[in-house]
Amino acid sequence: MTYAPAFNPAAAARSVVPFPRQEASAEQPRVPKQERQPPQAEVLRVLGQNRFRYLHHNGAPYAVPYDGPPIAVPLRAAAHTGTGSLRQHLTLAYVTEHNRTPSQTALADALAALDALAMRVPETELHLRVAPDPDDPAVSWLDLGRPDGESVRLAPDGWALTYPDPEAGPIWRRSKLVRPLPRPDRIAGGWRAGLEEFAALLPFTPETLPLAVGWLLAALRPGIPRPIAYLTGEQGTGKSTSGQMLAGVIEGARAPLRQAPETLRDLGPTTAAGWVLALDNLSGLPGWLSDALCRVVTGDAQVTRALYTDDDVNVLTYQRPVLLTGIDLGALRNDLAERMLPLELAPIPRHKRRTAGALWSAYEQAHPRFLGALLDLAAAVWADLPHAADLTERPRLADFAELLHALDRVTGWRSLAAFNGAQDALNDAVLDGHPVAAALREWTVSPAFPSSGWQGTMAELHRMLGSDGRGLADGWPKTPAVLSARIRQVAPALRARGIHVARTSGSNKNGKVWAVAYAPPS
């Protein structure tokens, strides 16, 4: 990781230019040189240079205190929950040292000068909640969101509460969505005892619990694509509360779930401002949101025009864990289904139901213990990850599959098999909800399908599949070109069920020849 060179306080103090001399007049007697006071703006500028070093992140300037935690403070924000703005820090320093309030004009001039000085520093990566170690790729960091900057250093040989190096990093970025986490505890029973307490609070089925733990571990590991956790179950299974608690393990207790954004422009800022993107009570996914969520888990950048400019832009980059809750998302697109991790919640018997107050009280008391248990387990999984070379097959989310493989070796669970089984079930759901895929499945398993396969043009395939009135139904592709596009959309799901549709190298007088083959999967 590259960090901006720090301002030297002594050099910064020497860099103050001489203040202009005021000429004496008959009406204004000459003031002795030693009694003259520098303008407020110059005093504030020197305070800013002596107390902070400066860096850039996504084109925006930030300040990091020399004598303080490695938490970046924005220059251009008027106020900022959690870190404060540089304007607030300078105002506080001036009031403390001079026992008077600086003028807003002086503050604006000082901040403009510091902003200009910050132009010379290189771009530096700031991290929100989770960060890689700048020197060791096997080590990761977790920001506890505390004012003093105390963090967790998570390594294959264990975890420790410590403070990042102010110069080497990582340097944290805070937002209004970054809530404090409790200091994790080590308990006598180890990670098993802590996760048993976790399982007693969230009604996951026995098959689902290992997948929920795997998703949490993936959320602690920076820079990898993670599946979209989807909490589902019948009405009354506590989906919203369970989602809030699951995300809250690494986002802070009672971290709010959000409603789905109305536009893509709204999605970017809310995603970049927090670590877990948790959307509640979804009853369906519009196409643009389905595509956007795929990009969020693999890494995305949103570029928008900067306000009050014609040729400047704002850039938001993010790769986030995503959590959704709902009863039925409707028909899923294949690319989203391949990134989904369904987490089934069991019905809660009436004799086991608790009031919201009692449930959250128990959660907050247990939070330090199962956070510590999760870190204990994460250290063991991190140490086992090199054995991922043993895997012979990997799904689309290969990094997550390797993590589950290590989790199974450490725990004796079968989380990777459960994940592959969930993917198969989602493939079937995609095919059942897709009219073209359903028609191909019906045709290829029927006696009418040739045992050696079928060959012909896309126009011929369009006429054949659209027979029996199917071509008149809503949603059916009206042209062969649209049919070809729809087949490509679900080609991976079709192949998983033994149906192969591909264009051959041949052609006839009616156009390019396509081949359809069916080989039942073992």
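The values are calculated or read from the model by the stated rules, or taken from the named source; none is laboratory data. Here the structure is a predicted model, which is why all the values come from computation and not from measurement. Glycine also receives a Cβ, built like all others from the backbone with ideal geometry; neighbour counts cover every protein chain displayed. Areas reflect the complete protein model, heavy atoms only, side chains present, ligands, DNA and RNA absent. Shrake-Rupley method; radii C 1.70, N 1.55, O 1.52, S 1.80 Å.
Here are the numbers for this structure:
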quantity: Enumeration of residues in region 185-210 that are of a type in the set (D, E, K, R) and part of a loop (DSSP other than H, G, I, E, B); calculated: 185, 186, 207
quantity: Region 258-282, residues that are within 14 Å of the chain's Cα centre (by Cα) and open to solvent by less than 40 Å² (accessible area, probe 1.4 Å); calculated: 267, 268, 271, 272, 273, 274, 275, 276, 277, 278, 279
quantity: Complete set of residues in region 160-180 that are open to solvent by less than 20 Å² (accessible area, probe 1.4 Å) and either in contact with a helix residue (DSSP H, G or I) (Cβ under 7 Å, 6 or more places away or on another chain) or at positive phi (or both); calculated: 169, 175
quantity: Hits in region 311-337 (condition: in a loop (DSSP other than H, G, I, E, B), at pLDDT below 85 and among the charged types (D, E, K, R)); calculated: 311, 312, 328, 333
quantity: Qualifying positions in region 113-144 - over 19 Å from residue 66 (Cα atoms) and in a loop (DSSP other than H, G, I, E, B); calculated: 128, 129, 133, 134, 135, 136, 137, 138, 139, 144
quantity: Given (1) outside any loop (DSSP other than H, G, I, E, B); (2) open to solvent by less than 40 Å² (accessible area, probe 1.4 Å); (3) in contact (Cβ under 8 Å) with a residue 40 or more places away in the chain; (4) out of contact with any strand residue (DSSP E or B) (no Cβ under 9 Å at 6 or more places or on another chain), index of the condition residue 46 fails; calculated: (3)
quantity: Residue that is surrounded by the fewest Cβ atoms within 10 Å (Cβ to Cβ), among those in region 225-252 that are assigned to a loop (DSSP other than H, G, I, E, B) and more than 18 Å from the chain's Cα centre (by Cα); calculated: 235
quantity: Count - residues of region 333-353 that are open to solvent by 10 Å² or more (accessible area, probe 1.4 Å) and either within 12 Å of residue 232 (Cβ to Cβ) or among the hydrophobic types (A, V, I, L, M, F, W, C) (or both); calculated: 4
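Residues checked against (1) in contact with a helix residue (DSSP H, G or I) (Cβ under 8 Å, 6 or more places away or on another chain); (2) among the basic types (Lys, Arg); (3) farther than 22 Å from residue 50 by Cα; (4) open to solvent by 60 Å² or more (accessible area, probe 1.4 Å):
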position	(1), (2), (3), (4)
138	yes, no, yes, no
147	no, no, no, yes
150	no, no, yes, no
156	yes, no, yes, no
